[in-house]
Amino acid sequence: MRLFGIQQLSRSVLADQRKQRNVQKAALQAMDYDSWTKEALVERVRQLEHQKAIKPRWGNGKKNTSSGNTSGSDMSSLEPKRKKQRKPDFDFSRFPQRKVALKFSYFGWPYHGLARQGNALSDEEKKRVEEQYPTIEGELFKALAQCKLIVNEAQCGYSRCGRTDRGVSGFGQVVAMYVRSNGRFLADGEMAEGAMEDEHNGRRYVVPENERELPYVSMLNKSLPQEIRVLAWAPVAEDFDARFSCRARFYRYFFNEAGLDVALMRAAAQRYLGTHDFRNFCRLDPAKQIGNFERTVLAIDITPVPQAVPFIGDAQAGEGRWWQLELRGSAFLWHQVRCMMAILFHIGQGFESPEIIDQMMDVQTMSGKPEYEMAADTPLVLTDCRFDADAVEWIYVRCARDYGNMTVLDRTVLRQWEQMTTQSVISGALLQILRTTQVPVVSGTQVVQAAVPWDQQRAAIRKRFEDEGAGQALLGGGTVKHMRKYVPIATRNRADPVEDRNRAWLARKMAHRAAREGANAGGNVGEEQQEDASGGDASRSAAEA
C-alpha cells in the first residue's frame, strides 16, 4: 500500500508540472512583445535567464527543491553531464626503445614458477590461464604494459637468465628487453652526440643521461605485487642476452640442523665440485632431446646462515641452527640443485654414505636414474647472476631523489619480513607449549610412569621407530617422506637410460604425426567420395586433392 501511494503521488506531481508548463507556454504565446517597451523587454529577458538557471537537470538524477536563489554549490550540481572522452592509444612510435637489463627479487611460493603462460597480454586463452595460475613473468609483463614501457611481449626482445620452478624464490634474477626511453628520434640529417641506430628501432636516436632517463625501478614497483621487487636496471648492448651472456649463477638452499649430520653433508658436497655427468641428478624432459648432461660446479659449500639474520642462530635446539648450501655454476639442469640436495639429506640422516654420489655420477654403472624424491622447492633461492663487468653496470640510485625509492623498497621488504616472522614466532610458541606439556607414560592402557614432558617421550618414540627401520626422510622446508623401511638408492628401481627414453619419445612423436597426416588425407578422400556419390565432377575433385 505504501508503494502504491508513492507511485500515485509521483504521477500527481508530474501531471501538475506538465500542466504548469502548458499554462506558461500559452501565456507566452499570448504575449504581444511588439507593444512592450525596451525596459520591459530587458526585464523579461532577465526573468527567463533566471528561470533557466534554476531549472532542474533531470538527466543527472538530482532534483532542485529550493524555492529561492540557488547557491553556488547547488549550481555546480546542475551543470550538464560531460561525456568521458576516450583516451587516445599511447603512441609508441614517438619514442625510441633502448635495451636494458632488470635485476629483481621475488618470493616464489605464491606463484606457479617464473615462466609466463605464453603471450598473456594479447592471447585471451593464455590470459585466462595466467589468471588461474599466476607466474612471476606474467606479473612483470602486466606491469611493463601498464607503465607503457613495452608494446607487447613478442616485440620486446625478451630474455631471462635462469628459469625457476614453482615455489623457488629469486634474489637476483635478471631479464633483458627493449623498453621505452625518455630519449628522442633524430630528424633526417640531424647530427647529435651519442646518436645510436639499431635494427629494433630502425631510426637514429639519442637517449638521455641516466639521471634523466625514465625511473624504471620506481615505475615498475608501483605496479608490481609486493612479492616482486625490481632492484636495479642497466643499459646493455644490442647483442646482450640474459641467458647466454651470464657467466655464473648462484643458488642457496636453506635448512635447519635438526636430525642431520651437517659435517658429513659438508664433506660429501665436495664430491659435486667440478665437471660431471649429472643425468641422475635432474629431471629429464624428453621433448628437449638433451644429449649432454655434463655441467660444471664452480664452487660449493655448506655454511651457517649469518648471525646478522634476526631470529636465526638459536643454539638451544637443532631447529634453531640454520645452514645454507651455497652453490655456484655456469649452468644447471632441470631440478638439478634440488636433486643434489635430496641426496645430501639422505647422507646427513645416515641413510646413505657419501660414496653414493660417486656411484650415481658413474653413468656406465648406473645408466638410469634411480627412484627418489627431490628436495622441497621453498628453501631454494636463485641469489645472483653474474655477467662480465663491462657488459652490465647496475644502477640502483641515479640521483639523490632515488634514495626515496630505496627507502620505500627497504620498508616494503621489512614489512613482509615482519608479517612472516610473526607467523613463525607464533608457531614456535605453540610448539614450545606442546614440547613442555606433561604427558603420562603409558603401556597399552596402563600408566607405568608419572607425567613427563612430551619432548622426552617424543624422542624415545622416534628412537624406537628408527631401531625398527621405520622413520621419515627429510626433504627440507618441513617436507618429509614417511617410510616403513628405507631402501638404499643403489638397489631401487631405475628409469630407462636417457638415450632410450629420448628415442622412445621421438618415435611416439613421429607416430602421432603420421596418424594425424593419415587422418587428414582420409578426410579429403571422404569428401571426394561424397561428392562423386552426389553426382559431382570427379575429375575436379581429383585435381583439388
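The values are calculated or read from the model by the stated rules, or taken from the named source; none is laboratory data. The shown structure was predicted, so the numbers you read here are calculated from the model rather than taken from an experiment. Positions of Cβ are generated from backbone atoms using ideal geometry, with glycine treated the same way; all protein chains shown enter the neighbour counts. Quick note on the areas: whole protein, heavy atoms, side chains included, nothing else; ligands and nucleic acids left out. Shrake-Rupley method; radii C 1.70, N 1.55, O 1.52, S 1.80 Å.
Brief remarks on what is shown
- In this structure, Gln146 does not qualify as out of contact with any strand residue (DSSP E or B) (no Cβ under 8 Å at 6 or more places or on another chain), more than 30 Å from Met196 (Cβ to Cβ) and not hydroxyl-bearing (Ser, Thr, Tyr).
- Selection count, segment 139-165, where residues are open to solvent by 10 Å² or more (accessible area, probe 1.4 Å), polar (S, T, N, Q) and farther than 19 Å from Ala237 by Cα: 2
- Selection from segment 163-200 of residues that are outside any loop (DSSP other than H, G, I, E, B) and among the small types (Gly, Ala, Ser): Ser169, Gly170, Gly172, Ala176
- Subset of segment 200-214 that is surrounded by fewer than 18 Cβ atoms within 10 Å (Cβ to Cβ) and either among the acidic types (Asp, Glu) or under 23 Å from the mean Cα position of the chain (by Cα) (or both) - its residue that is modelled with the lowest pLDDT: Glu211
- Answer residue from segment 322-340, given it is among the aliphatic types (A, V, I, L, M) and closer than 10 Å to Phe281 by Cβ and is surrounded by the most Cβ atoms within 10 Å (Cβ to Cβ) among those: Met340
- Of the numbered criteria (1) in a helix (DSSP H, G or I); (2) touching a helix residue (DSSP H, G or I) at 6+ places or on another chain (Cβ under 9 Å), the one Ile433 fails is (2).
- Checked against (1) touching a residue at least 40 places away in the same chain (Cβ under 8 Å); (2) under 15 Å from the mean Cα position of the chain (by Cα), Glu130 passes all but a single condition, namely (1).
- When segment 489-518 is limited to residues that are among the basic types (Lys, Arg) and in a helix (DSSP H, G or I), the one that is nearest to Arg283 (Cα to Cα) turns out to be Arg501.
- Among strands (runs of 3 or more DSSP E) entirely within segment 228-299, having at least 2 residues that are touching a Leu at 6+ places or on another chain (Cβ under 8 Å) singles out 228-235, 248-256.
- Taken together, Val442, Val413, Val425, Val381 contain a single residue that is in a strand (DSSP E or B) and open to solvent by 40 Å² or more (accessible area, probe 1.4 Å), which is Val442.
- Test result for Lys481, part of a loop (DSSP other than H, G, I, E, B), modelled with pLDDT of 85 or more and open to solvent by 80 Å² or more (accessible area, probe 1.4 Å): no
- Picking from residues in segment 428-439 that are aliphatic (A, V, I, L, M) and open to solvent by less than 70 Å² (accessible area, probe 1.4 Å), the one that is farthest from the chain's Cα centre (by Cα) is Val439.
- Residues within segment 74-105 that are more than 30 Å from Trp394 (Cα to Cα) and either open to solvent by 30 Å² or more (accessible area, probe 1.4 Å) or modelled with pLDDT of 65 or more (or both), tallied: 15
- Of all the criteria given as (1) modelled with pLDDT of 95 or more; (2) in a helix (DSSP H, G or I), the one not satisfied by Lys222 is (1).
- Complete set of residues in segment 201-212 that are in a loop (DSSP other than H, G, I, E, B) and either hydrophobic (A, V, I, L, M, F, W, C) or within 27 Å of Cys399 (Cα to Cα) (or both): Val207, Pro208, Glu209
- Selected residue [open to solvent by 60 Å² or more (accessible area, probe 1.4 Å), at pLDDT below 95 and within 24 Å of the chain's Cα centre (by Cα)] from Arg283, Arg229: Arg283
- Filter result for the condition that a residue is open to solvent by 10 Å² or more (accessible area, probe 1.4 Å) and under 18 Å from Gly476 (Cα atoms), over Glu418, Glu373, Glu355, Glu393: Glu373
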